[in-house]
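Inspection log for the structure reproduced underneath, given as structure tokens.
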Amino acid sequence: MRNGQNITIPRSQPVAATPDETTTWSFPGAVVGFVAWLLALGIPFMLYGSNTLFFFLYTWPFFLALMPVSVVVGIALHSLLSGKLLYSSVATLLTVIAMFGVLFMWLMG
């Protein structure tokens, strides 16, 4: 046993949350990121048709790896744009399409 005392330090003022603080929820950004990933996944099919399936046969892990990245990009942009869904949707869609385009062009050589 040790020799000690329990000391209680009173607070001078109670800590309370200010009503100005708002939380930007990440769920809408995650949904926007996932939908943007699905839409970007469809673009090669619109451009190249059914031949895209043969290309995806060997490269699907690269495009699958972009899904969590797209969700995180959606959450980040939704948070950075203060929860404005329209602006964050457009920014996320353009960013995810650009990521898909870069990956697609890199894999095509």
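The values are calculated or read from the model by the stated rules, or taken from the named source; none is laboratory data. This one's a predicted model, so the numbers in the text were calculated from it and none came from an experiment. All Cβ positions, even for glycine, are placed from backbone atoms using ideal geometry, and neighbour counts span all protein chains on display. With ligands, DNA and RNA removed, areas are computed over all heavy atoms of the protein, side chains included. Shrake-Rupley method; radii C 1.70, N 1.55, O 1.52, S 1.80 Å.
Modelled spin labels at VAL35 and LEU86, positioned 7 Å past Cα toward Cβ, are 1.4 nm from each other. For the chain, the per residue solvent-accessible surface stands at 78 Å², with DNA, RNA and ligands left out and a 1.4 Å probe.
Stretched out fully, how many nm does the piece from ASN6 to TYR58 gain, at 0.36 nm a residue minus the Cα gap? Please list the in-between numbers first.
Working: separation 52, 0.36 × 52 = 18.72 nm, distance 6.56 nm.
Once the chain is fully extended between ASN6 and TYR58, it gains 12.2 nm.
Using a probe radius of 1.4 angstrom, the carbon and sulfur fraction of the accessible surface of the stretch 53-109 is 81%. Whole-Hz Karplus values for the stretch 87-96 come out as 5, 5, 5, 5, 5, 5, 4, 5, 5, 5 Hz, taken residue by residue from phi with 6.51 cos²θ - 1.76 cosθ + 1.60 and θ = phi - 60°; glycine and proline positions read x. Estimated from helices alone, the mean residue ellipticity of the chain at 222 nm is -24500 deg cm²/dmol (sum of -39500 (n - 2.57) over DSSP H runs with n ≥ 4, per residue).
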